[in-house]
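Q: What follows is a structure written as structure tokens; I'll ask about it next.
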Amino acid sequence: MRATSSEVVDVDLSVELGPLRLSNPIMPASGCFGPELASLLPLERLGALVTKTVFTAARSGNAAHRLTDSGSGSALNSVGIPSPGAASFRSQVLPRYSAHGTPVIVSIGGLAVDDYFSIADELSMAQFAAYEVNVSCPNLERGGISIGADPDQVYRVTRGVVDRAAGRPVIVKLTPNVASVDETACAAEEAGAAALTVANTFVGLAVDLRRRRPVLGNGTGGLSGHGIKPLVLRLVWEASRAVDIPIVGCGGIATTGDVAEFLVAGATAVQIGTATFSRPTTMAQMLDELPTQLTDLGCRRVADLVGSLQA
Amino acid sequence: MMLQPLAAEIPSRILPVCIDAPVLGNQYVSDRYWMLRLDAPEIATGVRPGQFVLLTPSQTPGEGPSLPRPMAVYDVDRADGAIDILYGVVGSGTTQLTRFRPGDRMTAVGPLGRPFEPPSDATRLLVVGRGIGICSLTLLARERAERGHAVTVLLSGRHRGAIIGADFCDAVGVHARQLCDEDGSSDVESIRRLLVEQYDPAPPDFVATCGSKRLLALCRDLGRRWTCEVQVSVEAHMACGLGYCHGCAAGEVGRDEESPLVCATGPVFRVS
Ligand SMILES: Cc1cc2nc3c(=O)[nH]c(=O)nc-3n(C[C@H](O)[C@H](O)[C@H](O)COP(=O)(O)OP(=O)(O)OC[C@H]3O[C@@H](n4cnc5c(N)ncnc54)[C@H](O)[C@@H]3O)c2cc1C
Ligand SMILES: Cc1cc2nc3c(=O)[nH]c(=O)nc-3n(C[C@H](O)[C@H](O)[C@H](O)COP(=O)(O)O)c2cc1C
Ligand code: FES
């Protein structure tokens, strides 16, 4: 029998991403979050905190404009991952994430396969819960083709980081800019990934009509926001059927209803990115509403909803 | 042109809040400009001249524009807890802002960014704004005039109807001179002559500007001539307004180091 919202009883929000147990499935998306939000959002309530992608060496990022609203509920960004570098990340940035008692997932990136190994080596002694490997980076050794588009390279990067992770779970964040997400998903699973984040941004272009130039300084950028939700739901659904490891859904999630849709499509947890910019309290509101949402759908645990799509 | 961050020490300020602020008014003013009044006591108590808010142009999560819009606080009523925002309708986001009616709620985050910081002994201020850039300067002019400081405001615009802030300056008793492209009075060289003539005998001790690169260059020149502090408020596309998304870094891209974030290190910078 369907429970009504007035009968919200002990709903279990906890989820497991392989060996990583989280108090709830709500966490921020890399690059769309920072400890600066602490005055606006109770960070200790979130399932996990995810850092901006960090590289071994310091990087300056791309030229302005770095982002723009691109209409239809979407945003385009070419921030280009400015990074303080591994050493200053460890001493200056990581402590600000760790201060909240919430599991910290460190996102790492590289511009060549070996870069991922270096950053994993440099962070091996630091205190944090898990890695998220951002493979949506251009491979400068191969003419800038995304590492994440090539299943072999996804395998090598994942394997190398797993070997250096000192037992921490490794989550691989896939790129949606591929013909088949199944192949890269399976490559990461075979290489020992504990979970997959599906997905990073879609490559897009915004045109400044008057100047006949791209709006963004970098030319193209990554499309995010509510407008991409149907595209990502489909990827989550496909990936969740291709692998046995848990999926973290990411892309266009703005409401508690969206969270539930991602769980139904096969995600075990979700990441919130662009929605936080307009409403920094979004994730807290989702946590307030999720028990009722689950109860309304006849579920007592998050796991009851995960992958329940009848298709 | 070099934009320098203000002093490393951030003066005491309140932390930003996120509120669903009741809309008290939202009216057409002139040309493409509208005035929005929000009931936002949490922001009104602490906001300082030059600071801004992020406004979300839709009432429903998942609908409307994906990014909030940065807007300066034009004026504040600290007693009533209200803030005024004067905005120009440019594209989709600002068009959607015009749809809000009194009683609706608008999500606002603020106060954000670093305010203007005139030297502590400054009492003679020159304020130079153009177009919508004037919105970042009005609160400074008002608060300084209320302290009895000598404030002169230059308001520049494309045509008479596009010059904003004149009524505001009248109402708060600040001397404002209007300059427009139509009659040639906004020409930078004529402004230079005008200011040199007026101020050379007794230069200002602080110049604030916003809204025009050419006026910024003029202010920098005059600041050197008078050896006085010049500060500018600059614009950048933004997402978070808090310093974590790195979307608003403006200026030259160095090889190793990122240029300053306009939302957190700015939007007010020292000009040198
Ligand atoms: C600190 C600061 C204070 C500002 N204060 C005011 C103010 O008081 N009144 C006012 O009318 N405007 C102000 N602006 C400019 C205002 O933010 C833009 O006009 C507005 O974002 C345009 O949105 P749109 O959807 O109408 O335009 P669109 O062109 O459709 O916007 C597309 C995208 O570009 C961004 N964008 C476009 N123009 C600008 C711009 N000039 N600055 C920043 N982002 C831009 C938008 O935010 C959006 O992400 C300020 C900007 C900054 C950075
Ligand atoms: C401004 C911005 C910066 C981002 N930076 C990163 C990053 O550093 N690493 C990463 O893996 N993804 C990054 N992303 C992608 C997001 O983590 C997320 O995958 C994407 O935005 C889709 O989710 P959303 O629609 O909820 O925003 C960034 C996205 C945005 C908008
Ligand atoms: S707008 Fe996000 S860092 Fe400035």
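The values are calculated or read from the model by the stated rules, or taken from the named source; none is laboratory data. If you're wondering where the values come from, they're calculated on a predicted model, not measured in any experiment. Quick reminder, even Gly has a Cβ in these numbers, built from the backbone with ideal geometry, and neighbours come from all protein chains shown. Protein only, heavy atoms only, side chains kept; ligands, DNA and RNA dropped before computing areas. Shrake-Rupley method; radii C 1.70, N 1.55, O 1.52, S 1.80 Å.
Q: Mind checking which residues of the range A:219-243 are surrounded by fewer than 23 Cβ atoms within 10 Å (Cβ to Cβ), of a type outside the set (Lys, Arg) and in contact with an Asp or Glu (Cβ under 7 Å, 6 or more places away or on another chain)?
A: The answer is A:238, A:242, A:243.
Q: Would you pick out the residues in the range A:219-278 that are under 21 Å from residue A:19 (Cβ atoms) and within 14 Å of the chain's Cα centre (by Cα)?
A: Across the range A:219-278, the qualifying residues are A:246, A:247, A:248, A:249, A:250, A:267, A:268, A:269, A:270, A:271.
Q: In the set B:57, B:61, which member is away from ligand 3 (no atom under 16 Å from the Cβ), assigned to a loop (DSSP other than H, G, I, E, B) and open to solvent by less than 10 Å² (accessible area, probe 1.4 Å)?
A: B:57 is the lone residue from the list that is away from ligand 3 (no atom under 16 Å from the Cβ), assigned to a loop (DSSP other than H, G, I, E, B) and open to solvent by less than 10 Å² (accessible area, probe 1.4 Å).
Q: Here is a further query. Conditions first: (1) free of Cβ contacts under 8 Å to residues at least 60 places away in the same chain; (2) open to solvent by less than 50 Å² (accessible area, probe 1.4 Å). Residue B:92 passes all but one, so which condition is the exception?
A: (2)
Q: So residue B:43 ticks every box in (1) more than 29 Å from residue B:219 (Cβ to Cβ); (2) assigned to a helix (DSSP H, G or I); (3) not small (Gly, Ala, Ser) but one. Which box is left unticked?
A: Only one criterion is unmet by residue B:43, namely (1).
Q: A further question follows. Restricting the search to the range A:257-281, which residues are open to solvent by less than 20 Å² (accessible area, probe 1.4 Å), of a type outside the set (A, V, I, L, M, F, W, C) and in contact (Cβ under 8 Å) with a residue 12 or more places away in the chain?
A: A:258, A:266, A:271, A:273, A:274, A:276, A:280
Q: Further question on the same structure: Hey, among the residues in the range B:249-272 that are more than 21 Å from residue A:59 (Cα to Cα) and open to solvent by 40 Å² or more (accessible area, probe 1.4 Å), which one's modelled with the lowest pLDDT?
A: The qualifying residue modelled with the lowest pLDDT is B:272.
Q: Further, regarding this structure: Give the residue that is nearest to residue A:177 (Cα to Cα), with candidates limited to residues of the range A:107-130 that are among the hydroxyl-bearing types (Ser, Thr, Tyr) and more than 12 Å from ligand 2 (Cβ to nearest atom).
A: So the residue we want is A:116.
Q: Check whether at least one residue in the range B:12-25 is at pLDDT 95 or above, under 28 Å from residue B:250 (Cβ atoms) and among the hydroxyl-bearing types (Ser, Thr, Tyr), and report yes or no.
A: Taking every residue of the range B:12-25 in turn, none turns out to be at pLDDT 95 or above, under 28 Å from residue B:250 (Cβ atoms) and among the hydroxyl-bearing types (Ser, Thr, Tyr).
Q: Within the range A:282-306, how many residues turn out to be open to solvent by 50 Å² or more (accessible area, probe 1.4 Å) and either within 14 Å of chain B (Cβ to nearest Cβ) or within 19 Å of the chain's Cα centre (by Cα) (or both)?
A: Residues that pass the stated criteria total 3.
Q: Among the numbered criteria (1) at pLDDT below 95; (2) surrounded by fewer than 24 Cβ atoms within 10 Å (Cβ to Cβ); (3) more than 16 Å from ligand 1 (Cβ to nearest atom), which single criterion is violated by residue A:72?
A: For residue A:72, the failing item is (3).
Q: Still on this structure, please answer the following. Could you check how many residues of the range A:67-82 are more than 14 Å from residue A:32 (Cα to Cα) and within 14 Å of ligand 3 (Cβ to nearest atom)?
A: Result for the range A:67-82: 2.
Q: Restricting the search to the range B:68-113, which residues are within 14 Å of chain A (Cβ to nearest Cβ), closer than 17 Å to residue B:16 by Cα and basic (Lys, Arg)?
A: B:69
Q: OK, next. Output yes when any residue across the range B:54-70 is among the hydrophobic types (A, V, I, L, M, F, W, C), within 16 Å of the chain's Cα centre (by Cα) and not assigned by TED's automatic domain parsing to the domain that holds residue B:139, and no when none is.
A: Yes; the residues of the range B:54-70 include at least one that is among the hydrophobic types (A, V, I, L, M, F, W, C), within 16 Å of the chain's Cα centre (by Cα) and not assigned by TED's automatic domain parsing to the domain that holds residue B:139.
Condition check ((1) in contact (Cβ under 8 Å) with a residue 60 or more places away in the chain; (2) open to solvent by 10 Å² or more (accessible area, probe 1.4 Å); (3) aromatic (Phe, Trp, Tyr)) across all residues:
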residue: A:65; (1), (2), (3): yes, yes, no
residue: A:68; (1), (2), (3): yes, yes, no
residue: A:81; (1), (2), (3): no, yes, no
residue: A:86; (1), (2), (3): no, no, no
residue: A:103; (1), (2), (3): yes, yes, no
residue: A:108; (1), (2), (3): no, no, no
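Q: If I ask for residues that are within 13 Å of the chain's Cα centre (by Cα) and in a loop (DSSP other than H, G, I, E, B), which ones from the range B:206-236 would you list?
A: Scanning the range B:206-236 gives B:211, B:212, B:234, B:235, B:236.
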